[in-house]
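Notes follow the structure.
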């Protein structure tokens with residue numbers, strides 16, 4: 001079966017399956033999902049825990065040997081397998097399928113993996129997990145749902161943040177749920193039983209927002225210049241290569257051009273990116289594609305040291321241009 005991080009708690013309240021796969025790139029949520037399985041297994045008498053980190057093909061031999069050996073004292077256990085990638089290879093696939101197909105009633109198998117791409121999702125071992133256990137897919141909390149996510153966390157922690165304070169906290173921790181959770185814990189200690197204001201959040205919370213180039217292009221396509229420029233500043237502070245940012249902005253520009261001409265996909269794999277692209281296509285008559293192409297070319301020359309200037313300033317002008325926001329030239 002398939003579960004989400006939200007439905008896992010209700011599931012574990014009803015039953016414990018012999019195997020669980022937790023996959024995703026959000027450390028806080030994947031960690032909490034794995035902890036929930038461990039706690040439920042411990043309550044059911046699976047008191048031992050054995051962890052295997054899979055980094056080499058030979059590591060699967062250790063897993064097979066461990067699965068074949070019963071505990072010395074006959075205790076039930078959680079056999080935890082941490083995969084470095086979502087593709088364990090031929091040997092790993094065979095080992096996992098064998099483990100899942102020959103389930104030991106004294107063992108709960110817990111597998112942790114990064115986000116699985118389409119090929120990995122269709123692998124035999126993943127299908128076998130769905131047949132004999134549960135696959136918990138953990139998805140990032142996007143900006144549209146972040147305030148709601150924070151509010152739900154506050155209710156669990158009996159923490160009272162005003163609506164504006166929640167918005168400030170979301171802006172300062174976007175893309176970094178672990179930092180958001182840590183800040184909520186800190187605020188609960190600093191102001192127990194009090195309504196926390198935006199000013200108190202600003203005074204207490206560090207700017208821990210983290211972004212990637214795909215979030216940047218989504219904002220640029222959507223025409224949200226303020227958010228795009230804030231993300232650009234964040235990427236620069238995090239040491240992201242300017243070349244990667246230019247590639248992403250160039251790609252978004254090409255996507256708009258192709259979609260406007262009817263030669264490109266209307267909706268990319270990411271649904272939110274597709275919605276942003278639709279907004280950019282509507283805005284396309286106001287875009288000067290020739291001027292934006294020249295801006296991108298200049299940014300490339302500055303990055304390569306062939307023209308004077310600040311590469312990040314050029315990237316900011318390009319992002320603002322894609323947003324159709326007037327800027328100084």
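What to note about this one:
- In segment 2-137, Cα pairs under 8 Å separated by at least six residues give a relative contact order of 41 percent.
- In segment 143-204, Cα pairs under 8 Å separated by at least six residues give a relative contact order of 43 percent.
- In the elastic network of the chain, a GNM with C-alpha springs shorter than 10 Å, the most mobile of 49, 172, 15 is 15.
- Cβ-Cβ FRET estimate between residue 62 and residue 139, R0 fixed at 25 Å, reported to 0.05: 0.20
- Exposure proxy shown here: for 130, 164, 200, the number of other Cβ atoms within 10 Å sets the order, fewest to most, as 164, 130, 200.
- Angle in degrees between helix 289-303 and the longest Cα principal axis of the chain, rounded to the nearest 10: 70 degrees
- When you restrict to C-alpha pairs under 8 Å that are six or more residues apart and normalise by the size of the chain, the relative contact order lands at 15 percent.
- Most fluctuating residue given options 13, 148, 92, as computed from a GNM of the chain linking Cα atoms under 10 Å: 13
- Per-residue ellipticity at 222 nm, computed for the chain from helices alone with -39500 (n - 2.57) per DSSP H run of at least four residues, works out to -18000 deg cm²/dmol.
- Prolate/oblate/rounded label for segment 143-204 (Cα gyration tensor, a/c 1.5): rounded
- The angle separating the long axis of helix 242-261 from the principal Cα axis of greatest extent in the chain is about 80 degrees.
- The reciprocal of the average 1/r between distinct C-alpha atoms defines the Kirkwood hydrodynamic radius, which for segment 1-143 equals 15.2 Å.
- For the chain, modelled as a GNM whose springs connect Cα atoms under 10 angstrom apart, the maximal fluctuation among 293, 34, 65 occurs at 65.
- Spacing of the two label points (7 Å from each Cα toward its C-beta) at residue 310 and residue 127, in nm: 5.5 nm
- Taking label positions 7 Å along the Cα-Cβ direction at both residue 115 and residue 325, the computed distance is 2.4 nm, reported to one decimal.
- Axis angle, to the nearest 10 degrees, between helix 177-190 and the longest C-alpha principal axis of the chain: 80 degrees.
- Segment 131-163 and segment 47-109: distance between their alpha carbon centers, rounded to Å: 30 Å
- Taking other Cβ atoms within 10 Å as a rough exposure proxy, 224, 62 sort from fewest to most as 62, 224.
Rule-based calculations on the coordinates, nothing more; no lab input. Values in this document were obtained by computation on a predicted structure and should not be read as measured data. Positions of Cβ are generated from backbone atoms using ideal geometry, with glycine treated the same way; all protein chains shown enter the neighbour counts.
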